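Single-structure report; data block below.
The values are calculated or read from the model by the stated rules, or taken from the named source; none is laboratory data. Note that the coordinates shown come from a computational prediction; the quantities given were computed from them, not determined experimentally. Cβ sites come from the backbone with ideal geometry, for glycine too, and all protein chains shown count toward neighbours.
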């Protein structure tokens, strides 16, 4: 999964052609991300999907590192709470929470 030039994720149908459980998980994850503000979504995707370092996220989003941290904290809390309520995502995402930075890791 990769962010587009506008900071959005591609449509799930572009990522997966089948309509199996993986497609459902991607669709549900996308719907969770859509609930974030555009700024928080972009920072979240750059950090956890694109795996950029925090300084790279801030530079790419043209914000300070402190602002990037605030966006990430809010977005991670929202996404974490919503992922826990989505059984379709349980097989695909693992939430590892460190004190300051939750990690969203795609399961193999």
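What to note about this one:
- Residues of segment 77-102 that are more than 22 Å from residue 23 (Cα to Cα), surrounded by 12 or more Cβ atoms within 10 Å (Cβ to Cβ) and either modelled with pLDDT of 95 or more or in contact with a strand residue (DSSP E or B) (Cβ under 7 Å, 6 or more places away or on another chain) (or both): 102 alone.
- Residues within segment 36-57 that are part of a helix (DSSP H, G or I) and touching a residue at least 12 places away in the same chain (Cβ under 8 Å), tallied: 14
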